[in-house]
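The values are calculated or read from the model by the stated rules, or taken from the named source; none is laboratory data. The model shown is predicted, which means the values in this text are computed figures rather than measured ones. Because the Cβ atoms are built from the backbone with ideal geometry, glycine has one as well, and the counts that use them run over all protein chains shown. Side chains are part of the model used for accessible areas, which takes the heavy atoms of the whole protein and leaves out ligands, DNA and RNA. Shrake-Rupley method; radii C 1.70, N 1.55, O 1.52, S 1.80 Å.
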Amino acid sequence: MTNAQETPPLNAPYLPPDGQALLIIGQDLGAIGGLDAYTDGYSDHIDMIPAGLTTYTSLLDLAGLQSTANWGSGDVNAQLLVEAPTYEHTVLAIGLWLGSDNLAGIAAGNADSQIETLGNWIAAQNRPVFVRIGYEFDGAHNAYDPADYIRVFRRIVDLWRKQCVTNIAIVWQSATMASGTYLNHDWLDWYPGDEYVDWFGLSYFEPDAQILNDFLDMAREHNKPVMIAEATPYGLPVNGPDGDSVWDEWFAPFFDFIHQNSDIIRAVAYINVDWDSQPMWNNQGWGNSRIQDNDVIMERWLAEIKSDFWVQSSSDLFDVLHELE
C-alpha cells in the first residue's frame, strides 16, 4: 500500500475532510426508511441520519427518478428522497443503468434527451449528487463492450458539462469480483480518462483481498478517491442467532479494510436490505443485511459509526465537503 504522505493531495468534488469518510445507506426506499410510507428501514432504527443515500434509475426511461419504480428489488424514487425533510442534509448517489444492448445507440445520441433531462434534474437539487455511470462496468452480468462504454460515459459527461451541471461527482465503479472481469479485460480498457472521472468506485460483497488492493492501488496511481459504492455481507444473513460470527467473518474485515486504506477510501455505501424478500435476489444466497435485525450487529455497528471517522448528515454537511479546485 502506498503511504498517503507519498501521494499528492486528492482533489475531487465532495471529498469529506481528511481522515473521514461519508456514510451512505441504500439501496431502496424500504431499506432506507425514514419516510411516511417506509417506516422500517435503517433510519427508523438508528438515531444518526447517514450522510448519503443511494438510488437507481435507467437512462432509457429515467424510471425511479421522479416517480416510484420497482424492478423486483424494492421501490426507488429519487424525488421522494430529496423532498423528505429527514434527508434535507444528505448527498445522493445515483446508480445509472445503461444496458449492454443500448450502448451503441446511446453513443450515437439516441438518449441525449434523457441525458439532458437527468442533468437538469440533478442541477435543480440543492445538494451534491454522485452518479455511478454504468455501475459495475466490468461485470460479466453487464457485458459492456469497453469501447462502447467509454464513448457512452464521455458523451454523458460532455452533455452535462455543456448544461453546466456543477453539483455532481462522476463515479467509475468496478464490480471488483473474485471471478474476474468480463472477457478478462483489464480495468483500464473501460477507463474514460482522468478528465472524465472524479471518483473510483468498487463493490464489496465476497471480498478478494488481492483484487481490492489492486484496484485501490490503481486509484492511487490516478489520484482518485474511492467510494465503496455497494457493500453487503453476501451469504451471511445478519438475522441469524450468531451475530458474533457474522461480525467477525464479514463486518470486522470490512471496517479493517476501510481504516487501513483511509487515505483513499472516502465514502462507503452499505446496502441495508432483506435481499431474500425481493424477487430479483430471492434464492441467490444473498441473505438479510439489515443492521437492525440483530442486536449484536446493531451494537457493534453503532460503536463503529459513532466515531469521528464517519461523516453523517448535519446542517453544515455541504459546507465541509471539498469543492473541486
Legend entry - Virtual paramagnetic centre 7 Å along Cα→Cβ of residue 61, amide N under 16 Å, in region 84-107: 97-99, 102
Legend entry - Label assignment, log10 I(q)/I(0) by the Debye sum over Cα atoms at q = 0.09 Å⁻¹ derived from the structure, set [x] -0.42; [y] -0.48; [z] -0.65: [x]
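Using R₀ = 25 Å, calculate the FRET efficiency as 1/(1 + (r/R₀)^6) where r is the Cβ-Cβ separation of residue 223 and residue 166; round to 0.05.
On the way: r = 21 Å, r/R0 = 0.85.
For residue 223 and residue 166, the calculated efficiency is 0.75.
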Inset, instruction - Express in nm, to one decimal, how much length is gained between residue 260 and residue 314 on full extension, taking 0.36 nm for each residue of separation and deducting their alpha carbon distance. - result: 16.8 nm
Inset, instruction - Determine the relative contact order of region 205-310: mean sequence separation of Cα pairs under 8 Å and six or more apart, normalised by residue count, in whole percent. - result: 32
Legend entry - Long-range HN-HN contacts of residue 22 with modeled amide H, under 5 Å: 267, 268, 311
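Given a 1.4 Å probe and every protein chain left where it sits, what share in percent of the accessible area of the chain is carbon and sulfur?
46
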Inset, instruction - In whole angstrom, note down how far apart the Cα centers of region 181-252 and region 57-86 are. - result: 25
Legend entry - Three-way shape label, region 86-219, alpha-carbon gyration tensor, a/c 1.5: oblate
Legend entry - Whole-Hz couplings from phi, Karplus 6.51/-1.76/1.60, listed for region 79-94; x for Gly and Pro: 4, 4, 5, 6, 8, 6, x, 4, 10, 4, 10, 10, 7, 10, 10, 9
Legend entry - Derived scalar couplings ³J(HN,Hα) [region 263-279; Karplus, 6.51 cos²θ - 1.76 cosθ + 1.60; whole Hz; x for Gly, Pro]: 5, 10, 7, 10, 7, 9, 10, 9, 9, 9, 9, 8, 4, 5, 7, 9, x
Inset, instruction - Would you check the accessible area of residue 309, probe 1.4 Å, heavy atoms only, in square angstrom rounded to 10? - result: 20
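Rounded to the nearest 0.05, what FRET efficiency is calculated for residue 277 and residue 116 with R0 set to 45 Å and r the Cβ-Cβ distance? It would help to have the intermediate numbers written out before the result.
On the way: r = 37 Å, r/R0 = 0.81.
Efficiency, rounded to the nearest 0.05: 0.80.
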Legend entry - 1.4 Å probe accessible area per residue over region 199-325, in Å²: 41
